[in-house]
Amino acid sequence: MSIQKIVSIVIPVLNEEKGLQKVLDEIPKKRLEEIGYGCEIVIVDGGSTDRTREIAYKNGAKVVLEPRRGYGRAYKTGFSHASGDIIVTLDGDHSYPAYLIPKLVKMLEEYRLDFISTNRMKKFTHKSFPWLHLVGNKMLTFITRLLFRVNINDSQSGMWVFRKSMLDKIDFIADGMAFSEEIKVLAFRLFRAAEISVPYRKRIGKQKLNTLVDGMKNTLHLFTLRWYFFPSKPSWLPTYMLINLPENNRIPILPDLRRTIIC
Ligand SMILES: Nc1nc2c(ncn2[C@@H]2O[C@H](COP(=O)(O)OP(=O)(O)OP(=O)(O)O)[C@@H](O)[C@H]2O)c(=O)[nH]1
Ligand SMILES: [Mg+2]
């Protein structure tokens, strides 16, 4: 099939030499081409002192240096360098299933969604979440649901698939780990969004998340977001559809996908 659209895969990295090669090897570029998508890989490096950048260059990725610290900061810079029609994000630590990118892109198109977030809560492998992460994630997700009336089950997941055009309509405020919950809240309140279950593996290499400090910052950020973006009471309209993506490589045919359309 001829190339009709470009998918930009944006990966923030900070000293991920152990996992990055595996992540890049797992991206099914050929499969994407078969279904009509060219593929661009944008690696946003926060100033790694190991072989991370070398690995990125060796694999033909576009490398963007963003010395300012922060997961959210890295994404904001990465998105501005992405030339694709569709953006896919994931970590450079081999925890997310990069092999599912073509299926997720297809689902975005087939169901005419603007944003897909992945839900790791149903299919995570042993030790992929330290118990404190799991408890923290549950609490943050509960607060997110309560404050924004969005039916999200994994507010901290870092693998998203969305249309780049979405970015023209929103401004982000978070520079740190809270970027993840912020993009989901905005997507689920303002665009057509869905959450899809995917497998999740134990990361390779050292985590950058500071469980307690980031957990507290993320909690505070939810309240900031609530008053900053949505000063009036959110409506009770239903806002999501959870889709299970089975591992047997077939996209489920859903007769009715409810979408988030708020404004
Ligand atoms: N460029 C850049 N990348 C960062 C920064 N902080 C984290 N990252 C990358 O962002 C991704 C997510 O960070 P992780 O440490 O995996 O955080 P996490 O996924 O919440 O935690 P784990 O569950 O332990 O993986 C990884 O690929 C990191 O290398 C930063 O300040 N700058
Ligand atoms: Mg990670």
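Laboratory data are not the source of any read-out in this text; all were calculated from the coordinates shown. Worth saying up front: this structure is predicted, and the values here are computed from it rather than measured. In this analysis, Cβ positions are derived from the backbone assuming ideal geometry, glycine residues included, and neighbour counts consider all displayed protein chains.
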Checklist entry - How would you rank Val63, Val10, going from fewest to most other Cβ atoms within 10 Å of each one's own Cβ? => result Val63, Val10
Next on the checklist: Which one, His221, Tyr96, Gln21, is farthest towards the positive end of the dipole of the chain when Lys and Arg carry +1 and Asp and Glu -1 on their Cβ?
Outcome noted: His221
Next on the checklist: I need the shape label for segment 33-176. Rule: rounded when a/c is under 1.5, else prolate if a/b > b/c, else oblate, with a, b, c from the alpha carbon gyration tensor.
Outcome noted: rounded
Checklist entry - Size of the dipole of segment 5-244 about the Cα centre, Lys and Arg at +1 and Asp and Glu at -1 on the beta carbon, nothing else charged, in debye to 20? => result 520
Item to check | segment 69-190: relative contact order as a whole-number percent, Cα under 8 Å and 6+ apart | outcome: 41
Next on the checklist: Defining a contact as two alpha carbons under 8 Å apart and six or more residues distant in sequence, what relative contact order in percent does the chain show?
Outcome noted: 21
Next on the checklist: Against the empirical 2.2 N^0.38 Å scaling, what ratio does the C-alpha Rg of the chain come to?
Outcome noted: 0.95
Item to check | Ascending count of other beta-carbon atoms within 10 Å, so fewest first, for Ile43, Ile183 | outcome: Ile183, Ile43
Item to check | Qualifying GluC sites (Glu not before Pro) in segment 134-213, DSSP loop, other Cβ atoms within 10 Å at most 15 | outcome: none
Checklist entry - Just for the chain, what percent of DSSP beta bridges are antiparallel, to the closest 5? => result 20
